[in-house]
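Just below is one structure, and these are the notes that go with it.
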Amino acid sequence: MGSTIRRRATPPGAPILALLLLAGCRPALTVAPERPNATVTPASQDTARVSRRAPDPDPRVADIRAALNAQDYPRALQLCRAARNRGVPLPLILEQEAEIYRATRYLDRELDTLIAWCRAAPKDPRPWYRRFFLYIQMGWRREAEQASARAFQLAPDDARSYVTRAILHYRSNEPALGLPDVEKARQLAPNNPEYLNLHATILMKDGQVGRAEAVLRDLVARAPQEPRHRILLAQALARNRKPDEAEALLRALQSEVPDSVEIAYELGLMAEKRGDLVEAARQLERAAALDPGYGNVLFCLGRVAIKQGRAGEGRALQKRFQVMDSRATTFETTLNRLRTRPNDPELHRQLARIYLADNELPQAILELRRVLQLRPHDTQARRELITALQRHGRITEARQLARALPSP
């Protein structure tokens, strides 16, 4: 994530990537922007149990899966074309192609492929789940709601369908409305630890820290090897006025996960609260080095610097924070407007330009393609898309678009 679109310190989105993996979705090579949290994806197709081992691939696409596992994406696409010629069912091929585009951060092609998969397999809820999470990632709430509703129609007894509804509420101003859905998901998939994590995350956002702590203690007992569950438990303990236990847990975790911005941030706040400004500065500097856009880290670091007598440095840090916060507010305001005006090309253009400024090219390309869907003759949007494609290394596509531009 770049430094201009700041991530707010909301309850962490730890379930998101983990549920993505359980869904059989390969994580992208780089993490997409997560505003205000990461996106959540569901468990594996068998929601009654969780397996840490990926399922054996269908033998008809085993060669494609092998290329995917080796990150040989050009070969994987070639094998997809060969599979089409062999008569392999189209939905199975589209599933592989969607994963290739996810892994290579071609969000626009991933979405096109998921839409094609929905058409090729109209009774399969899986492409709808994936579309839901891509829409959530982009902040396209209206489309996410439609995908969730369609998935629920197709699979009303699947835990993943309830998870999509829980996430929609979690990403709203009334997270508690998602609790019945996540509880139902847990009932349908009682051995899925990621649903406990999601349950606790919703409880924390709703301010029910005591209940979240209980859920997280159960989760850590079930999956003690997962650091992210313990990080979330430590955050719940800190908010539940158990700082000593929280700090002990975080310190043990920091040696295990030294590159965790969440751990350094929490330890810095705890140190400042007890008056240890040297340790607070050390931890907050560590967090800022890992991700200056995380939470309020620059503001807090500036506050500590001022307390230590470094007023000029502190004010500079807080000014930098304010600039980033202003951009984040603009971004969030645009997303909020998009909820009621999902087909407004100007809002999609504004989001594209924010992404371009932050070098988030896959998101910018998807937004610009959306502008052109809504306004096909928008020459300026087409020029901006050409530039974004060039910056993303998609030169052939950029040239094809350029040839279609009117002569100056």
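Relative contact order of region 343-403: 29 percent, from C-alpha pairs under 8 Å at least 6 residues apart in sequence. Full extension of the segment from residue 115 to residue 257, taken as 0.36 nm per residue of separation minus the current Cα-Cα distance, would add 47.3 nm.
In the structure shown, do any of 242/319; 205/242; 184/205 have a Cα-Cα gap over 27 Å, and if so which? Pairs exceeding 27 Å: 242/319. Based on the Kirkwood radius over alpha-carbon pairs, what value in µm²/s does the Stokes-Einstein equation return for the translational diffusion coefficient of the chain at 4 °C and 1.567 mPa s? Here the translational diffusion coefficient equals 57 µm²/s. Output the 0 to 90 degree angle, nearest 10, between the alpha-carbon long axis of helix 141-154 and the longest principal axis computed from the alpha carbons of the chain. Approximately 70 degrees, to the nearest 10.
Applying both filters, DSSP loop and at most 11 other Cβ atoms within 10 Å, to the trypsin sites (Lys or Arg not before Pro) of region 84-192 gives 123. Cβ-to-Cβ counts within 10 Å put 260, 326 in ascending order as 326, 260, the fewest first. Taking a cut-off of 20 Å, what percent of all Cα-Cα pairs in region 343-403 are separated by more than that? Roughly 15 percent, once rounded to a whole number.
Considering only alpha-carbon pairs that sit under 8 angstrom and 6 or more positions apart, the relative contact order computed for the chain is 15 percent. Footprinting exposure proxy ranking of 392, 377, 348, 169, fewest other C-beta atoms within 10 angstrom first, gives 377, 392, 169, 348.
Note on 194, 95, 384: ascending count of other Cβ atoms within 10 Å places them as 384, 95, 194, the fewest first.
Just so you know, all these numbers are worked out from the coordinates, no wet-lab data involved. Everything numeric in this text was worked out from a predicted model, so none of it was measured. Here Cβ is always computed from backbone atoms with ideal geometry, including for glycine, and neighbour counts include all displayed protein chains.
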